[in-house]
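Working notes for the structure below.
The values are calculated or read from the model by the stated rules, or taken from the named source; none is laboratory data. All of these numbers come straight from a predicted model, not from anything done at the bench. A quick note on method: Cβ atoms are made from the backbone with ideal geometry, for glycine too, and the neighbour counts reach across all protein chains shown. Note: accessible area is taken over every heavy atom of the protein model, side chains too, but ligands, DNA and RNA are not part of it. Shrake-Rupley method; radii C 1.70, N 1.55, O 1.52, S 1.80 Å.
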Amino acid sequence: MAGRRTNLALLALTLIAAATGVLAFGVGGPWVRWTIVAHGAAALGIVALVPWKTGIASRGIRRHRYRSAPSILLAAALTVVTITGLGHATGVLVWLGPVSAMQLHVGSAIAIVVLLGWHVIARPTRPRRTDLTRRNLLRAGVVAGGAAAAYGTLEVATHVLRLPGAARRATGSYVRCSLDPAVMPVTQWLNDQVQVTDPAGWRLSIEDASGRRSVAYEELDADRDRIRAVLDCTGGWWADQEWEGVLLARLLSGLETASSIEVTSLTGYARRLPSGDAGRLLLATRVGDAPLSAGHGFPARLVAAGRRGFWWVKWVDRIALSEVPWWWQAPFPTA
Ligand SMILES: Nc1nc2c(c(=O)[nH]1)N[C@H]1C(S)=C(S)[C@@H](COP(=O)(O)O)O[C@H]1N2
Ligand SMILES: [Mo]
């Protein structure tokens, strides 16, 4: 295959892998499975083109003495992203001590996006109008079909060999200590710190149609709703627990006229959710028949069934109705 075509195919596949990787964290419901299938197929397509790309790179090194640090870093990050991706998908490599393979996967993927941006600018391969021939479209189809077949083969092999990957959730996560909150991992999105709060001095600030008021811990914890919900962290694990607390539909007035609910942590970490979800959103004070631990969000944390873990704001101290639509926020928390 010509070098140009390989480079363009690799760029397209990498963009697909990056986009579906981001979507897999953002999309809920049954669609998440398809984002993951597309992600895995694009990734295997990239791996399949490695022999051709190695040829291109070694010709470049021989002819132009290209051998820059970013290119070497890019190759290293691609190796890490591939090993951790395959390791997580098959279940052969899920945890590396305190970090999950998925965390390393995301870290190296972010590095790849930056380094690849540099690479494409430093060594551009410009698409030409003549690239759009029937023969090239056919070639693209063969790459896409081959990638999909490779993904299917890997999935079948994972099941036949009874690898742990066969028992993943649609999001790709592995079960971890369901119905046993004592051993559920404590994780933060980025660098938030576990808050140790004295319930005596703690107040929840509520802003809704009836104005602003503050609620004490005993009051919040007095009359509880109960739901069972799966916390599914983008770090690659999930746990099913029994949560108790107050449904936001019962806590807030004027939901019909509001657009979103802003849920904010003591630490400043915050998420905005659709007001129409209030009947399913629980401000939990308890899990598994015991008060939350500090790590899991004591005195109160959001339980947002059906949404990935980063929506489940811990150490909540403010809930406010808002006119701003829920989607008017960074797609992922930035703190
Ligand atoms: N305030 C705050 N809440 C947060 C986070 C955070 O960093 N800060 N991380 C979220 C993420 S990414 C996950 S997966 C869950 C983890 O909840 P757990 O520690 O109870 O397992 O909390 C969420 N709530
Ligand atoms: Mo998470």
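Pairs under 6 Å by beta carbon, first residue open to solvent by 40 Å² or more (accessible area, probe 1.4 Å) in segment 227-238, partner within 9 Å of ligand 2 (Cβ to nearest atom) and modelled with pLDDT of 95 or more, six or more apart or different chains?
Here the result reads W238/D232, each pair linking segment 227-238 to a residue that is within 9 Å of ligand 2 (Cβ to nearest atom) and modelled with pLDDT of 95 or more.
Out of I56, I46, I36, I16, report the one residue that is more than 22 Å from the chain's Cα centre (by Cα) and not basic (K, R).
Details: I46 fails: more than 22 Å from the chain's Cα centre (by Cα); I36 fails: more than 22 Å from the chain's Cα centre (by Cα); I16 fails: more than 22 Å from the chain's Cα centre (by Cα).
Of the residues listed, the single one that is more than 22 Å from the chain's Cα centre (by Cα) and not basic (K, R) is I56.
Can you find, within segment 91-136, the residue that is least open to solvent (accessible area, probe 1.4 Å) among those that are part of a helix (DSSP H, G or I) and touching a strand residue (DSSP E or B) at 6+ places or on another chain (Cβ under 8 Å)? Talk me through it step by step, then tell me what you get.
Of segment 91-136, the ones part of a helix (DSSP H, G or I) are 101-122, 129-131, 134-136.
Still in the list and also touching a strand residue (DSSP E or B) at 6+ places or on another chain (Cβ under 8 Å): 101, 104.
Values: A101: 0, L104: 69 Å².
Result: A101.
Please find, within segment 293-307, the residue that is nearest to the chain's Cα centre (by Cα) out of those that are within 16 Å of ligand 2 (Cβ to nearest atom) and open to solvent by 20 Å² or more (accessible area, probe 1.4 Å).
Taking segment 293-307 and keeping what is within 16 Å of ligand 2 (Cβ to nearest atom), we get 295-297, 301-307.
Restricting the remaining residues to those that are open to solvent by 20 Å² or more (accessible area, probe 1.4 Å) gives 305-307.
Details: A305: 15, G306: 13, R307: 10 Å.
Applying the filter and picking the extreme gives R307.
For residues that are in contact with a helix residue (DSSP H, G or I) (Cβ under 9 Å, 6 or more places away or on another chain) and not small (G, A, S), scanning just segment 233-242, find the one that is nearest to ligand 1 (Cβ to nearest atom).
To start, the set of residues in segment 233-242 that are in contact with a helix residue (DSSP H, G or I) (Cβ under 9 Å, 6 or more places away or on another chain) comprises 233-239, 241-242.
Now narrow it down to the ones that are not small (G, A, S): 233-234, 237-238, 241-242.
Numbers: C233: 3, T234: 6, W237: 9, W238: 9, Q241: 9, E242: 14 Å.
Only one residue fits best here, namely C233.
Considering only segment 199-232, state which residues are hydrophobic (A, V, I, L, M, F, W, C) and either more than 15 Å from ligand 1 (Cβ to nearest atom) or over 17 Å from V287 (Cα atoms) (or both). Spell out the reasoning first.
If we filter segment 199-232 for residues that are hydrophobic (A, V, I, L, M, F, W, C), which is where we start, we get 200, 202, 204, 206, 209, 215-216, 220, 222, 227, 229-231.
A200, W202, L204, I206, A209, V215, A216, L220, A222, I227, listed by residue number.
If the Cβ limit is 6 Å and pairs must be 6+ apart or interchain, which residue in segment 52-66 that is at pLDDT below 90 pairs with which residue that is surrounded by fewer than 11 Cβ atoms within 10 Å (Cβ to Cβ) and not acidic (D, E)?
I61/R67
Please verify whether A12 is open to solvent by 20 Å² or more (accessible area, probe 1.4 Å) and part of a helix (DSSP H, G or I), treating the condition exactly as stated. Working first, answer last.
On the way: open to solvent by 20 Å² or more (accessible area, probe 1.4 Å): yes; part of a helix (DSSP H, G or I): yes.
Yes; evaluated as a whole, the condition is true for this residue.
Among what's in segment 148-197 and is assigned to a helix (DSSP H, G or I), within 20 Å of H39 (Cα to Cα) and among the hydrophobic types (A, V, I, L, M, F, W, C), pick the residue that is farthest from ligand 1 (Cβ to nearest atom).
Our first condition is that a residue be assigned to a helix (DSSP H, G or I); within segment 148-197, this holds for 148-160, 164-167, 181-183.
From what's left, within 20 Å of H39 (Cα to Cα): 148-159, 164-167.
Restricting the remaining residues to those that are among the hydrophobic types (A, V, I, L, M, F, W, C) gives 148-150, 154, 156-157, 166-167.
Numbers: A148: 31, A149: 34, A150: 31, L154: 27, V156: 31, A157: 30, A166: 24, A167: 20 Å.
Among them, the one singled out is A149.
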